[in-house]
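Beneath this line is the structure, given in C-alpha cells, with notes to follow.
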C-alpha cells in the first residue's frame with residue numbers, strides 16, 4: 001500500500017491507466033496531451049488520473065493555467081519493491097510473447113500478432129466456463145467504453161455479442177463471436193473503442209496439461225486494419241492482456257474452490 005492508503009495494483013489493473021503511466025514515464029503531460037494519445041475522452045482521462053493519484057502513482061502541479069501530471073517516484077518504488085519480492089508466483093504465471101517485428105505479406109505489410117500464454121491450476125472445462133459463462137464476474141469494469149458499466153455480457157455461440165450496458169441503459173458493442181468450440185476454442189472480432197469495421201481478431205485456445213491443470217493460448221491479430229494506429233494500439237494491448245489475465249486467473253482459482261469442473 002502507498003501512503004495514500006489506496007492499493008496501487010488495483011489502479012494498475014486497467015490497461016488505459018497503465019498506458020497513462022507509460023506516457024508519463026517519458027515526460028510530464030496535461031490531460032489534453034494524454035487524451036490525444038489515448039482512445040478515451042478527456043473526462044475519462046481525468047477519472048483515470050484521479051485514481052492513479054489516489055494510489056500514489058501520479059502527482060500533479062500547476063503550470064500556468066493548466067495542471068501537469070507526472071509520475072510519483074515514491075509510489076513507483078513501492079510497486080517495484082513488491083514485484084521484486086513476489087514475481088514468479090505460480091498463481092499469476094503468464095508469458096507474454098509480443099515481438100515487434102512486422103513481416104511482409106502479399107499485398108503489403110502486416111503487424112505481428114500478440115501471443116499470450118497462461119498456465120492455470122484448473123481443467124480446460126473450468127477455464128472455458130470462467131471465460132464465457134462467468135465473463136461478467138471477472139472482467140474489470142474500468143476496461144470498457146463508459147468506464148463504469150452496469151453490466152458486461154458475452155453471449156454464447158457464433159454470432160453472439162460481447163457488449164457493455166451503461167448505467168443509462170445504452171448498449172455498446174465490443175465484439176462478435178466467430179468461433180465457438182467448448183471447451184477447446186473461442187474466437188471473436190474485437191473493436192472496443194473502435195468502429196466495427198476496424199475490428200481485430202482474438203483466438204483463445206484451452207489446452208489440457210493434466211487432469212486439473214490447463215494452458216490458455218491467446219493470439220490477437222488483425223492490427224493492420226487500424227492503419228496508422230496499428231502500432232500504438234498493439235503496444236497498448238500488450239500491456240492490457242497481462243493486466244486482464246490477472247483477473248481471469250484469480251477468477252479461475254476462486255471458482256475452482258467451490259466447483260467440481
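Here are the numbers:
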{"read-out": "214, 41 arranged by Cβ crowding within 10 Å, fewest neighbours leading", "value": "41, 214"}
{"read-out": "Radius ratio Rg over Rh of the stretch 8-82, counting only Cα atoms, Kirkwood formula for Rh", "value": "0.94"}
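Read the figures in this text as sums done on the coordinates, not as results from a lab. What you are looking at is a predicted structure, and each value in this text was computed from that prediction instead of being measured. Every residue, glycine as well, gets a Cβ built from its backbone with ideal geometry; the counts of neighbours run over all protein chains shown.
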